[in-house]
Amino acid sequence: MATSYDYEDAPADYEGAMDALGRGSSQDLGYDPNFVPDSVKTFVVHLYRHIREKNVYEIHQMYETSFQSLSDRLFKDTPWPSVDAVAHDVDNDHVFCLLYREMWFRHLYARLSPTLKQRIDSWDNYCSLFQVVLHGVVNMQLPNQWLWDMVDEFVYQFQSFCQYRAKMKNKTEQEIALLRQYDQAWNVYGVLNFLQALVEKSMIIQILEREKEGLEQFTATDGYDYNGGSNVLKVLGYFSMVGLLRVHCLLGDYHTGLKCLQPIDITQQGVYTSVIGSHIITIYHYGFANLMLRRYVDAIREFNKILLYIYKTKQYHQKSPQYEQILKKNEQMYALLAICLSLCPQVKLVEETVNSQLREKYGEKMIRMQRYDDEAFSIYDELFSYACPKFITPSAPSFEEPLVNYNQDAYRLQLKLFLYEVKQQQLLSGVRSFLKVYSSMYLSELATYMEVDESTLRTILMTYKHKTHAVDSDGKIISNADVDFYIDDNMIHVVESKPVKQYGDYFLRQIVKLEGVINDLDRVRLD
Amino acid sequence: MGREREAQKPQQQVSYTVEQLVAVNPYNPDILPDLENYVNEQVSSQTYSLDANLCLLRLYQFEPERMNTQIVARILIKALMAMPAPDFSLCLFLIPERVQMEEQFKTLIVLSHYLETGRFRHFWDEAAKHRHIVEAVPGFEQAIQAYAIHVLSLTYQKVPRPVLAEVINIKGLSLDKFLEHQVTNCGWILEGDQGSGQLIVLPRNEFNHPELKKNAADSIPLEHITRIFPILG
């Protein structure tokens with residue numbers, strides 16, 4: 001099992017949680033976990049009813065709007081009332097209580113800083129919740145937004161726990177004792193196996209396969225089940241693929257991460273695009289992983305699309321609780337795009353709006369990045385550090401004295417290896433600038449221009465070829481080169497790559513649109 | 001959940017190949033010994049599985065105290081042999097920095113650096129100094145030569161004989177034999193006689209003959225067309 005302790009004991013365990021709550025630094029001032037304001041009672045009762053009646057629209061309203069406004073009004077810096085205090089209003093419904101606690105902890109993480117005991121309790125709650133879902137006894141229909149938030153928060157809390165645990169220096173004896181005692185809480189195997197189990201149990205990969213053959217509907221209904229079934233396991237399984245991509249990126253395992261995402265066709269709309277947070281997180285990690293795999297063109301393409309999408313739609317999300325997160329990821333992706341385009345100047349792939357935003361933010365830095373001097377490296381360092389995921393060390397700490405912090409180790413390693421790659425490519429921008437102005441030239445000429453001997457030049461040219469030709473997931477060689485060349489004996493012939501315009505997809509979209517319009521017209525009755 | 005999965009009885013496990021084991025148990029510490037054996041098997045049978053090796057490095061990452069650096073070194077050598085794929089970096093991303101400081105890993109990192117930057121002369125010189133490391137893995141030389149030829153054929157239509165000789169580290173009579181083999185089996189053409197002025201015409205591909213490049217923009221995957229099947233029907 002992912003955890004070694006027994007969940008039947010939860011109520012007994014709960015006193016401990018309350019105990020820890022009471023001791024939580026600033027949370028105790030005037031907070032009575034058993035006090036339930038009327039508005040909260042109404043909220044809980046209504047939410048419970050809507051869930052039982054499978055009224056997704058109302059659930060979504062309450063979840064997105066009421067929960068936020070109540071939090072803003074009543075629980076700005078205290079937790080929500082404890083689950084025990086509201087349980088009898090909802091018939092002590094086991095699953096509802098798990099959902100309530102999930103939101104309770106999410107609110108706590110967002111507004112206060114969780115104690116170690118709370119982190120452990122939140123893990124317990126996820127275990128119970130996911131186990132209920134995995135056993136298939138859930139018959140609810142929940143909004144995609146909520147299901148996404150669950151997976152998103154689960155991975156976030158895991159990452160947060162690893163960061164917290166890695167700061168060993170200032171741990172109290174009591175914290176260390178707890179860490180030792182609950183060594184299964186947020187254990188990396190447990191986290192990965194839950195996500196994996198959700199993917200497998202939901203049969204989501206098979207569902208997406210069958211959908212391609214027209215045997216099943218999933219994307220068309222945004223994952224909802226209109227035949228009386230539940231969408232919870234299916235959609236959680238679906239989002240868990242994104243969760244796995246993200247965890248693997250946090251671990252530095254980009255190849256495996258992308259593999260986990262493979263069942264989702266990233267070039268098309270899908271359930272992952274139905275929630276803005278999921279859309280952004282998916283593309284951010286997809287792009288980052290491709291950057292680390294040197295598949296710059298793939299990264300540029302998807303960053304370009306999502307940045308354009310955010311540019312056009314961000315005004316609609318201004319009131320959303322995710323708005324700040326959207327803006328942050330937006331900025332980070334511009335930084336990553338600046339890195340990609342500096343290593344692989346395929347500006348033609350970038351749409352005009354995105355390009356002008358990029359120039360505004362990073363134009364000057366990008367010019368300096370081309371120089372590949374010490375200053376350029378420090379800009380690569382700066383942008384990478386700003387935009388990379390919060391890498392984690394998944395293993396448990398050594399509890400031996402002296403206690404040392406290791407929360408920066410994983411980040412430093414990824415940064416170092418990335419800068420190593422940048423260094424290997426430092427001579428390529430010089431080659432590129434010469435290739436751009438000549439259509440053909442002798443090797444000896446270029447060698448003179450670049451102030452190297454001919455045999456060194458040959459190695460530089462081979463490096464150029466190697467670094468601009470990536471290997472895709474099927475093992476095929478893909479050219480990322482903006483300017484290319486070939487050598488015939490001692491003569492270099494330059495080939496300018498032509499812009500690749502994809503008309504096919506455009507026409508497909510238009511055909512579908514036109515069909516929609518015709519259908520609408522058919523429905524119009526003229527009296 | 002890890003425990004649930006490992007409950008498979010030993011006699012059942014025998015019928016699984018290691019690849020299948022990785023596919024169904026990607027996050028199970030109990031398959032670690034199988035994966036270590038599998039690395040040795042890949043070395044002796046000259047096969048390769050990136051997925052299995054990454055899976056093992058991942059388990060080492062989760063439980064550093066179980067790490068076997070000898071095995072890690074073998075994985076890295078196999079990853080070098082997989083160039084031009086970026087497998088070597090993929091592995092390094094998962095290996096803690098303090099482990100990478102060990103002498104044998106430093107050597108491998110230098111070798112990788114030479115290959116990544118096209119400095120084959122340096123590579124072969126360095127490899128010669130560390131025969132004990134690389135000779136432990138059969139097929140190493142051939143794999144690197146294959147990578148070298150790959151880079152050459154991205155770059156050259158016609159390559160001068162001395163350049164080829166340096167890059168694949170074969171000279172004189174052995175080079176003639178090698179060329180003869182490539183001419184019969186891989187479509188290489190020799191221009192001029194066996195002096196240093198000899199040119200080798202490499203097979204045409206879309207990278208050294210850009211006119212061969214198919215215009216990928218015009219093709220649409222069938223999956224995307226299926227979206228409009230209902231309309232077409």
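Nothing in this text is a laboratory measurement; each read-out follows from the coordinates by a stated rule. Keep in mind the model is a prediction, meaning the values are calculated, not measured. All Cβ positions, glycine included, derive from the backbone under ideal geometry; neighbour counts span all protein chains shown.
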Average partner coverage of A:424-437, which counts Cβ from other chains inside 10 Å: 1
Net +/- balance of residues flanking A:Ile478 in space, Cβ distance below 9 Å, scoring K and R +1, D and E -1: 0
At least 15 Å along the helix axis (C-alpha) and Kyte average at least 1.0, DSSP helices within chain B: B:69-81
Aspartates and glutamates whose Cα lies under 19 Å from that of A:Lys169, excluding same-chain neighbours fewer than 8 positions away: A:Asp183, A:Glu400, A:Glu401, A:Asp409
Principal-axis tilt of helix A:352-369 within chain A, Cα atoms, nearest 10 degrees: 70 degrees
Shielding score for B:205-211, defined as the mean number of other chain Cβ atoms within 10 Å: 5
Peptide A:180-190 - average C-beta neighbours from other chains (10 Å radius): 2
Helix A:94-111 axis, angle to chain A major axis (alpha carbon atoms, nearest 10°): 60 degrees
Cβ crowding within 10 Å averaged over residues, with A:163-173, A:376-386, A:101-111, A:239-249 ranked highest first: A:239-249, A:101-111, A:376-386, A:163-173
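Going by average Cβ neighbours within 10 Å, how do the peptides A:178-191, B:136-149 rank, with the highest at the top?
Averaged packing, sorted descending, gives the order A:178-191, B:136-149.
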Added length on full extension, which subtracts the Cα-Cα distance from 0.36 nm per residue, A:Ser473 to A:Lys312: 54.8 nm
Of A:Lys423/A:Lys467; A:Lys467/B:Lys78; A:Lys76/A:Lys314; A:Lys465/B:Lys213, pairs whose Cα-Cα distance is over 18 Å: A:Lys467/B:Lys78; A:Lys76/A:Lys314
Between segment B:108-138 and segment A:103-168, the Cα center-to-center distance that results, in Å: 47 Å
